[in-house]
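The values are calculated or read from the model by the stated rules, or taken from the named source; none is laboratory data. Because the structure is a prediction, the values reported are computed rather than measured. Ideal geometry is used to build each Cβ from the backbone, glycine not excepted, and the neighbour counts take in all protein chains shown. When the accessible area is computed, the model is the full protein with side chains, heavy atoms only, and any ligands, DNA or RNA have been set aside. Shrake-Rupley method; radii C 1.70, N 1.55, O 1.52, S 1.80 Å.
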Amino acid sequence: MNSTQVVLVTTLAQYQTSYWKAVGLLAAELGVTLAFLSFDDRSTEELRAAGLLTFDGRSRQPDRTRAQSIEVIESFGIRDLHKWVLHERLAFGVGDSDYLVAKLADCLQCADHALKVLSKQYAQITVVQEVGGFLSVVGVYFATRKHELEHWFIEPSFFKGGLLFSRNSFAAPKPEVGTHGLDCSPEMLSYLQSAKQAGTVVIPRKDAHHYSAALKKVLNQRNLTRLVQKVVDKYLLGKRQEFGHIGWHVQTHLRMVVNARKMRAMSTSMDQLGQFVYYPLHVPADMALTLRAPEYLDQLTLIERIAQSLPYGLQLVIKEHPAMIGAMDARRVGQLLKRYDHLKLVPAQTNNYEVLRRARAVVTVNSKSGAEAALLGVPVLALGDAFYSDAPFITPFERGADLSAAITRCLQASRSQELDSDSLKWFEALWRQTRRGELYVDHDDSVKAMADALAAVLQT
């Protein structure tokens with residue numbers, strides 16, 4: 001590997017850092033140089049102690065005025081400020097726009113500084129980040145593009161144990177089928193058949209701890225210990241944390257406990273349902289909504305639109321995302337359930353495939369449920385920007401179009417137990433685009449897979 005090449009990786013928290021440190025050390029043995037831009041003080045210390053080149057994401061001009069912050073941001077080609085600060089505003093409950101603007105300017109300048117330093121030593125710089133809407137990620141992305149460097153986002157693939165890399169864009173990565181035919185590999189066909197029969201929902205290992213009841217999260221010893229550590233670090237030791245909005249985090253989880261209890265009381269069991277269209281709720285404030293589909297950010301308003309657009313006699317079934325049980329506003333959900341007697345809420349723990357198998361159609365905004373429904377032959381109306389938005393098995397929906405007409409078209413789509421050849425080729429293209437590995441799982445095989453993936457990215 002060329003010693004004039006370097007990969008700059010961002011890290012936002014210690015659980016990310018332990019993984020990236022292992023990747024960085026192994027990559028060095030393989031001839032791939034990694035540098036890091038850290039937005040977490042303990043992470044910065046840990047990476048530097050390991051001998052890895054690490055840039056600090058702290059502010060480079062703490063006394064900047066609002067006008068100066070905006071001037072910095074605009075110099076990087078960013079104009080629609082409210083769009084780019086939306087994710088952090090919602091994820092952390094930040095109402096202070098000046099704070100958000102100042103932080104984005106800080107992140108841009110920190111990334112700009114790191115890239116300028118690296119450019120003096122390396123002829124080729126490639127930036128790699130986990131996809132996300134946090135201002136640190138946004139700032140690094142725009143700084144990279146200003147320097148006209150290659151930028152890659154990483155996110156979990158539809159296929160378990162796999163990752164997708166998308167180049168120079170926040171848009172969902174979509175498989176490139178091309179005009180030529182693809183021969184479907186036995187491995188891919190076997191995977192689809194197994195997923196279809198088992199009904200196993202793909203959960204990235206980094207997110208597995210989120211898939212539990214709201215009360216269990218609050219009482220979880222690991223979470224309580226981590227809470228104490230974060231409080232000590234922030235308030236006693238003065239260490240900066242990217243995810244340091246501790247009070248908001250605690251309040252959110254306590255609200256989830258209350259909401260989850262109320263939602264259970266409003267739920268309908270599967271055996272009480274008639275014929276229905278299914279809308280799987282997304283994680284609120286996920287970047288798949290805040291950046292890729294902000295027009296559908298208020299999912300409960302969208303659900304009301306869908307309920308008003310269904311053919312008479314069909315029910316609309318909704319289910320909370322199992323990773324964020326209780327995240328929806330139970331009061332608003334209850335009001336909708338009273339207003340529309342054909343709207344039904346099923347328990348969040350219900351297996352997604354169980355609901356999909358019963359559904360007449362699925363309406364979804366960027367949920368993996370769209371691809372899962374396709375495996376079962378269920379018609380899919382796709383809203384937003386998902387990895388399957390261009391797939392042959394979906395009914396597309398353009399913003400501002402007639403939703404009622406689109407749902408009717410979707411319901412009229414043919415239903416089959418087997419995927420057609422075009423759909424199989426699409427899944428094969430996605431299979432080929434998927435790289436082996438999982439983020440933030442610091443086992444040897446996962447670390448090695450990422451080091452190999454980064455080496456391949458440098459050669460792209």
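Descriptive notes on the structure:
- Screening the range 271-355 for helices (runs of 4 or more DSSP H) wholly inside it with 1 or more residues that are without any contact (Cβ under 8 Å) to a residue 40 or more places away in the chain and closer than 18 Å to Cys410 by Cβ returns the ranges 299-309.
- From the list Ser367, Ser389, the lone residue that is touching a strand residue (DSSP E or B) at 6+ places or on another chain (Cβ under 6 Å), assigned to a loop (DSSP other than H, G, I, E, B) and surrounded by fewer than 23 Cβ atoms within 10 Å (Cβ to Cβ) is Ser389.
- Leu90 being in contact (Cβ under 8 Å) with a residue 40 or more places away in the chain and surrounded by 17 or more Cβ atoms within 10 Å (Cβ to Cβ): no
- Close Cβ contacts (under 7 Å, 6 or more residues apart or on different chains) running from residues in the range 53-65 that are open to solvent by less than 70 Å² (accessible area, probe 1.4 Å) to residues that are in a loop (DSSP other than H, G, I, E, B) comprise Gly57/Phe39.
- Considering only residues in the range 22-49 that are more than 28 Å from the chain's Cα centre (by Cα) and at pLDDT 95 or above, the one that is nearest to Leu149 (Cα to Cα) turns out to be Arg48.
- Residue satisfying all of: in the range 292-312; open to solvent by 10 Å² or more (accessible area, probe 1.4 Å) and either touching a Lys or Arg at 6+ places or on another chain (Cβ under 8 Å) or acidic (Asp, Glu) (or both); nearest to Arg339 (Cα to Cα) among these: Glu304
- The requirement of being modelled with pLDDT of 90 or more, more than 25 Å from the chain's Cα centre (by Cα), hydroxyl-bearing (Ser, Thr, Tyr) and open to solvent by 10 Å² or more (accessible area, probe 1.4 Å) is not satisfied by Thr434.
- Any hit, the range 307-319, residues being closer than 28 Å to Val250 by Cα, β-branched (Val, Ile, Thr) and touching a Phe, Trp or Tyr at 6+ places or on another chain (Cβ under 9 Å): yes
- So Tyr19, is it open to solvent by 40 Å² or more (accessible area, probe 1.4 Å), under 26 Å from the mean Cα position of the chain (by Cα) and on the phi < 0 side of the Ramachandran plot: no
- Just one of (1) in a helix (DSSP H, G or I); (2) within 30 Å of Leu25 (Cα to Cα) fails for Thr460. It is (1).
- The residues on offer are Ala455, Ala406, and the sole one that is part of a helix (DSSP H, G or I), touching a residue at least 24 places away in the same chain (Cβ under 8 Å) and open to solvent by less than 10 Å² (accessible area, probe 1.4 Å) is Ala406.
- Residue within the range 74-87 that is farther than 17 Å from Ala111 by Cα, modelled with pLDDT of 95 or more and touching a Phe, Trp or Tyr at 6+ places or on another chain (Cβ under 8 Å) present: yes
- Filtered residues of the range 262-279 (kept if open to solvent by 30 Å² or more (accessible area, probe 1.4 Å) and farther than 14 Å from Gln349 by Cβ): Lys262, Ala265, Met266, Asp271, Gln272, Gly274, Gln275
- Residue under evaluation Gly384, criteria (1) on the phi < 0 side of the Ramachandran plot; (2) open to solvent by 10 Å² or more (accessible area, probe 1.4 Å), criterion not met: (1)
- Taking every residue in the range 71-82 that is farther than 11 Å from Lys146 by Cβ and pairing it with any residue that is of a type in the set (D, E, K, R), at least 6 positions away or on another chain, the pairs with Cβ-Cβ distances below 8 Å are Val72/Arg64.
- Only residues that are in contact with a strand residue (DSSP E or B) (Cβ under 9 Å, 6 or more places away or on another chain) and assigned to a helix (DSSP H, G or I) were counted across the range 26-44, and they come to 5.
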